[in-house]
Amino acid sequence: MAPPRRRPSLLLLAAVTQALQPPRPKHFARTTLRRHVTVPVPLEYAAELAATALALVAPGKGVLSIDESLPTLKERFERAGIELADDGDLTQYRELVVTAPDLGTYASGCVLTADALFEETESGTPFVDLLAAQNIVPGVRVDCGDVPLPGAVE
């Protein structure tokens, strides 16, 4: 019995998809995360990236986001009847979150703003050190604000 033939449209689609892929330098490896996601990664970072990805998707855990701006946090707290005065209150709120007992039991990662990445507790311990001590991967939100989307109709 002859092997099944692929339809010409699928062959064309596969050829076009392959042709549109950017060339890969030889010092890159392909790291497979799960079954279907393959990403080119410099060899020296491949193992670290895979370990970080697995840590972030640990069963029973989620990613905590404390990257709110002061206006956003003020609005949320006002709905709860709590008044925030300034950035100091925002830092105290973040400190309350990162020092919560057993936080690492429930969170695998934490998204911070660029400012919060360098914030410290009142005792001088950096937030990222507290998170890392509980096996929580700290990350930073990269936000460039509103920018025009290339190729979009204005």
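The values are calculated or read from the model by the stated rules, or taken from the named source; none is laboratory data. Keep in mind that what you see is a predicted model, and the values were worked out from it rather than measured. Note that we place each Cβ from the backbone using ideal geometry, even for glycine, and neighbour counts take in every protein chain shown.
Looking only at the stretch 84-124, which residues are β-branched (Val, Ile, Thr) and touching an Asp or Glu at 6+ places or on another chain (Cβ under 7 Å)?
First, pick out the residues of the stretch 84-124 that are β-branched (Val, Ile, Thr): 91, 97-99, 105, 111, 113, 121.
Matches in the stretch 84-124: THR91, VAL111, THR113, THR121.
TYR45: at pLDDT below 85 and of a type in the set (Phe, Trp, Tyr), yes or no? In short, yes.
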